[in-house]
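For reference, the structure is listed below as structure tokens.
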Amino acid sequence: MAIIITDECINCDACISECPNNAIYEPDDKWSYSDGTTLKGMVKSPKGIEIDADAEHKPLSDEFFYIVSDKCTECKGFHEKPQCASVCPVDCCIPDVNHVETEEELLQKKEWLHS
């Protein structure tokens with residue numbers, strides 16, 4: 001499952017540089033699939049959906065740092081534990097029960113983001 005950042009976030013910036021998938025964004029920043037990945041142009045997601053990796057998407061939060069669940073792999077294939085949660089001083093990086101994925105799915109997503 002992906003990780004989310006709760007509204008207890010103090011916007012300290014500790015998590016953003018730890019994410020190997022560049023899935024964490026500052027409040028009010030737009031995001032794209034190509035940010036920090038090898039994805040470019042039109043690609044097919046692991047779920048079979050055609051997406052424009054370079055398209056900018058609206059921020060998911062204008063108050064707190066946020067994680068794009070489609071880019072979060074819980075650091076599988078990079079680290080044993082989610083690094084955002086490891087460095088968060090207020091423990092606001094938690095599992096997102098709305099985006100449950102198996103380890104195999106997370107590793108496939110990692111491969112897709114960095115192929």
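Here, each number is a calculation from the coordinates, and none is a lab measurement. None of the values given here were measured: they were computed from a predicted structure. Counting neighbours? That spans all protein chains shown, and the Cβs are built from the backbone with ideal geometry, glycine included.
Some observations on this one:
- Asp7 paired with Lys81, simple spin-label distance in nm, labels 7 Å along Cα-to-beta-carbon: 2.8
- Using a cutoff of 8 angstrom between alpha carbon atoms and counting only pairs six or more residues apart, the relative contact order for the chain works out to 41 percent.
- Filter on Lys58/Lys110; Lys30/Lys81; Lys81/Lys109; Lys47/Lys81; Lys47/Lys71 - keep pairs with C-alpha separation over 21 Å: Lys58/Lys110; Lys30/Lys81; Lys47/Lys81
- Gaussian network model of the chain, springs between alpha carbon atoms under 10 Å - residue of Cys19, Cys75, Cys92 with greatest fluctuation: Cys92
- Förster radius 22 Å - calculated FRET efficiency between His99 and His57 (Cβ-Cβ, nearest 0.05): 0.85
- Degrees separating the helix 103-113 axis from the principal Cα axis of the chain, which is the longest one: 70
- Dipole orientation for the chain: of the candidates Asn11, Val87, Thr37, Thr37 has the Cα lying most toward the positive pole (charges on Cβ; Lys, Arg +1; Asp, Glu -1).
- Computed helical MRE - 222 nm, the chain, DSSP H runs ≥ 4 contributing -39500 (n - 2.57), nearest 500: -3500 deg cm²/dmol
- Ordered by the count of other Cβ atoms within 10 Å of each Cβ, fewest first, Glu105, Glu8 give Glu8, Glu105.
- Using θ = phi - 60° and Karplus 6.51 cos²θ - 1.76 cosθ + 1.60, couplings along region 38-52 (whole Hz; Gly, Pro as x): 8, 6, 8, x, 7, 9, 9, 6, x, 8, x, 9, 6, 9, 8
- Residue among Asn22, Asn11, Asn98 with the largest mean-square fluctuation in a Gaussian network model of the chain, springs linking Cα atoms under 10 Å: Asn98
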